[in-house]
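Following: one structure in structure tokens, then a few remarks.
The values are calculated or read from the model by the stated rules, or taken from the named source; none is laboratory data. All values derive from a computational prediction rather than experimental measurement. Glycine gets a Cβ as well: all are built from the backbone with ideal geometry, and neighbour counts include every protein chain shown. These accessible areas exclude ligands, DNA and RNA; they are computed on the full protein's heavy atoms, side chains included. Shrake-Rupley method; radii C 1.70, N 1.55, O 1.52, S 1.80 Å.
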Protein chains: 2
Amino acid sequence: MLLRVRAAVAQLTAGLGAGPGAQPPAEPRGGGAGAGAGRESPPPAAFCRPAFLQLTPEELRRADDHTGRAVQSPRDGRRRLPWSTGYAEVINAGKSQHNEDQACCEVVFVEQRPSPRGCLSSREGSGELDGGRKGFYFHYWALFDGHAGSGAAVMASERLHLHICEQLRELVEILQDPSPPPICLPHDTQTGSADPNQMSNEEDCGEVPNDAVPRFHLEKAVSHESLVIGAIENAFKHMDEQIRRERASQHLPGGCCALAAIYLMGKFYVANAGDSRAIIIRNGEIIPMSREFTPETERQRLQFLALLRPELLGKEFTHLEFPRRIQPKELGKKMLYRDQNMNGWAYKKIEEDDLKFPLIFGEGKKARMMATIGVTRGLGDHDLKVFNSNIHIKPFLSCFPEVRVYDLTQYEHCPDDVLVLGTDGLWDVTNDKEVAGVVMEVLTNYEPNDPCRYTMVAQELVVRSRGVLKERGWRLANDKLGSGDDISVFVIPLGGPGNYT
Amino acid sequence: MLLRVRAAVAQLTAGLGAGPGAQPPAEPRGGGAGAGAGRESPPPAAFCRPAFLQLTPEELRRADDHTGRAVQSPRDGRRRLPWSTGYAEVINAGKSQHNEDQACCEVVFVEQRPSPRGCLSSREGSGELDGGRKGFYFHYWALFDGHAGSGAAVMASERLHLHICEQLRELVEILQDPSPPPICLPHDTQTGSADPNQMSNEEDCGEVPNDAVPRFHLEKAVSHESLVIGAIENAFKHMDEQIRRERASQHLPGGCCALAAIYLMGKFYVANAGDSRAIIIRNGEIIPMSREFTPETERQRLQFLALLRPELLGKEFTHLEFPRRIQPKELGKKMLYRDQNMNGWAYKKIEEDDLKFPLIFGEGKKARMMATIGVTRGLGDHDLKVFNSNIHIKPFLSCFPEVRVYDLTQYEHCPDDVLVLGTDGLWDVTNDKEVAGVVMEVLTNYEPNDPCRYTMVAQELVVRSRGVLKERGWRLANDKLGSGDDISVFVIPLGGPGNYT
């Protein structure tokens, strides 16, 4: 990712960075009980790998070696990841000192928040689990691809699942109740931004949501699924807020892309903010579970914002897109352009204003917003500015993920059906079809009940994208350049031998 | 469409209606030579049907009868539509005085614009056609679904193809040259907004675009196809501008959805702004060629604009979406909401501001923006305001179509492959699959070379959506309510017996 960020001039200017609609931040609370939930923040700039790798100091040094680029996976005999998930990673070829990818895999218990006056306690369906505590578990896998430093990725890998847990705590009873979610709740059944002063209002005490509240004319039905999506979206927002608040004390100058898969009550929720990618391979068929957010794919959103808020462009940029830079001597000629409401191109007469640098410029992996950044969603980057200027990038970035849902119960999965998550280091040199080919090829070499098989797939995917070190650098089997980026891959089995509890 | 617009309080307030980025309007010029291009504008509010129907006064009266709802099609023995295209329409069941749908079908010659100093005349590939005139033809079919009056739909049906022609005139040589379009042109090779004062600049005289201009580093390749898309997009913008300028003198209080199919150089360009729909049926398979633009499908664009420009909401609306109206007594409770960057739902504490009416409200056919309009793209509506207020709707509407491209040369089409265009009167009661079923069923009853067969399909589609008049109104075969809306349908054959010139 570092290659995608040209200049992250860190200036601690709070305020401007917060996107529109941001709400007061809330600290994550101790709702999670995952193995890595209590992992301590490393000292600034320390090299750090996912806790589940359980690397010894010697292994850690080896993982940090840009020359050998040894592939790292959970070792046999140590703790196995849930569902026998496969994981592998490798450091970059030297573009940054350390591996700026981070990964997290957790099983998190979401404990129902105590309801002070029992308003929700009489409802049916709230399961008692885990020694009398009411709640449910979710499984969680996530990849964070850092840029301009590893701090944001490290913090997000430690905290995002806790923010998701925190958002879901409000919904424990509602999600366990098969009837449609209540549109309106008494004000004391939730947390976060609730005003304690409102808690003494008497009129709601006996009101049981969903049963007592009458259905109104033209009331929209909202599904349980969309509540989970909303919880994940807001968890990303709170995570981004936390990075904003703590970026000075924790030394978090950069940002990260975030890709998370949450398994909850029979469904996978895949949330993506950035240019990592998730695909399901089912019976040989490829089902895309994410799309990338880049200056090219988000062009119209970015141009629309720039059109409505031209002051964000600092008199340096134009919201119009041109196929190349315009030279001053071309004034008065006609140049191809695209405005925010166009998908096609047309000619316009070049005016003075068109000599400014285009907001979106370049193609493919070289596309940049404000000549600075190649991804347009993610966490952090609150201090990112255009090089040598006072123009902030953050107002154009979105911390909100797109969440796609896959219902695991709608299909009988075989042991070869998997969900693959990979950072752009994987996808830059390998397409969906090639990944599916490697998955099927490797899995046939192992018994369906061999718990190592998904790790073997993850390793093979990383090795094939990294390539082999030759005289002219890291080369793939076809002699093309291998990925010089950090590469991280999860391979999650969708049907046996995983234990789905 | 009238049902979808609650209050079109016509006030002639120019200026506010123009969307962002609108440019000075340009009059369409006489580039077109289609049969209906010279059709006179009707007197205000006069009943008018497409010229190609060639209705006698008696037939016109019959077409205007809400009780009989006779289906209208081009008559045998009169002029046949290009490619033996089928067409049928029927008036609504009484919701508006006249049929507010309009249709147009033309073959338009795009004549190359004279280049004053011959800069473009030496290029290869510009075909000489039509008695020495340089240019090319395009085929054009369009449906316009008017609301709050038929004026905008009538004007658009008379002019949109001329605006498209005008935009394409600039591109005649470029589109006929197989080499990539030039990024930059000398300033005297185009029209419209070109400044005549610039024409005397000497330095460009000998410059031949595309050959002499060097290719720059990081120059983006632009295809011929995206030039045509850009031309169509800008034609819609100019059409909307013309309606804005002439709405007072021509009595055009309302607006219209627009769906146009352009066949040009082997490709179909299907441009849609509104809630009409186009599908291709090929070998029994359905290929969607458009999507609908409604408050629901465009929610995030509308909310984003409202968030950035809250003054457009006039203190009456909130940009947040709620599943129903909130009552003042619910202040302090928690209500489900969606913000502009969310796809899921979450709970928020109800504050004073949330008591305002939601910008987007209702579901499906009942979804409305600002409690007023059920479509969010189209032409006209420059004076539309929220009922009993001074809040303008137009800034939220977009006149830009989404253009989808279908390459006719990539597949060998049989006589049963068709492109179907229909206004929402068709699709409200009939889905894609049912339409495909009717198409296949009817076509088997006619010889492949029978030129009537596509008209028979169009008629059958209209009849089945209208239903039959029974005691309890117009009823479908399954006894459900038939469409009480105006219904218009084109059925365009993709492979024989059409003559594709």
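Assorted remarks:
- For A:Lys329, a cut-off of 15 angstrom between C-alpha atoms picks up these aspartates and glutamates, skipping any fewer than 8 places away in its own chain: A:Glu351, A:Glu352, A:Asp353, A:Asp354, B:Glu202, B:Glu203, B:Asp204, B:Glu207.
- Accessible area, probe 1.4 Å, largest first, for residues B:Lys333, A:Lys95, A:Lys470, B:Lys315: B:Lys315, A:Lys470, A:Lys95, B:Lys333
- Summary of the geometry: region A:79-102 and region B:89-116, compared by the centres of their Cα atoms, lie 60 Å apart.
- Label-point spacing for A:Ala70 across the identical copies (point 7 Å from Cα in the Cβ direction), in nm and ascending order: 8.9.
- Rolling a 1.4 Å probe over the protein heavy atoms gives region A:423-485 an accessible area of 50 Å² per residue.
- Taking all protein chains together and a 1.4 Å probe, the residues A:Tyr411, B:Tyr347 rank A:Tyr411, B:Tyr347 from largest to smallest accessible area.
- Phi-based couplings in Hz for region A:449-456 (Karplus 6.51, -1.76, 1.60; Gly and Pro marked x): 9, 6, x, 7, 4, 6, 5, 4
- At 1.567 mPa s and 4 °C, Stokes diffusion of region A:243-314 via Kirkwood alpha-carbon radius, µm² per second: 83
- Taking 12 Å as the straight-line reach from the Cα of B:Lys394, the aspartates and glutamates in range (excluding those fewer than 8 positions away in the same chain) are B:Asp240, B:Asp381, B:Asp383.
- Pairwise FRET efficiency - B:Arg475 versus B:Arg75, Cβ, R0 = 35 Å, nearest 0.05: 0.80
- For B:Glu285, solvent-accessible area (1.4 Å; no DNA, RNA or ligand), Å²: 90
- In Å², nearest 10: area of B:Val403 left accessible to a 1.4 Å probe: 20
- Placing a label point 7 Å from the Cα of A:Asp450 along the Cα-to-Cβ direction, the residues of region A:70-100 whose backbone N falls under 20 Å from that point are A:71-89.
- If you take the Cα centroid of region A:362-386 and the Cα centroid of region B:238-294, the two points sit 35 Å apart.
- Summed buried accessible surface, chains B and A, 1.4 Å probe, nearest 100 Å²: 6100
- Accessible area of B:Ile286 (1.4 Å probe, protein heavy atoms only, ligands and nucleic acids ignored): about 50 Å².
- Considering only the Cα atoms of region B:231-353, their convex hull presents on average a projected area of 12.3 nm².
- Between the amide H of B:Gly344 and those of A:Gly230, distances stay under 5 Å, these residues lying 5 or more places away or on another chain, with hydrogens modeled in the peptide plane.
- Compactness relative to 2.2 N^0.38 Å, alpha carbon Rg of region A:297-384: 1.09
- Take A:Arg475, move 7 Å from Cα toward the beta carbon, and the resulting point lies 7.8 nm from the same point in each other copy, nearest first.
- Across all Cα atoms of region A:395-501, the radius of gyration (one decimal) and Dmax (whole number) stand at 16.1, 50 Å.
- Sorted largest first by accessible area at a 1.4 angstrom probe radius, with every protein chain in place, the residues A:Lys134, A:Lys348, B:Lys329 fall in the order B:Lys329, A:Lys134, A:Lys348.
- Peptide B:392-400 has a mean shielding of 1, counted as Cβ atoms of other protein chains within 10 Å of each residue's Cβ.
- Modelled FRET efficiency - R0 56 Å, B:Leu308 with A:Asn431, Cβ distances, 0.05 increments: 0.90
- Spatially near lysine pairs across region B:343-388, Cα under 23 Å, sequence gap of 8 or more or different chains: 6
- Using a 7 Å Cα-to-Cβ projection, B:Arg245 label spacings across copies, nm, ascending: 5.7
- Cα gyration tensor, region A:306-454 - rounded (a/c under 1.5), prolate or oblate: prolate
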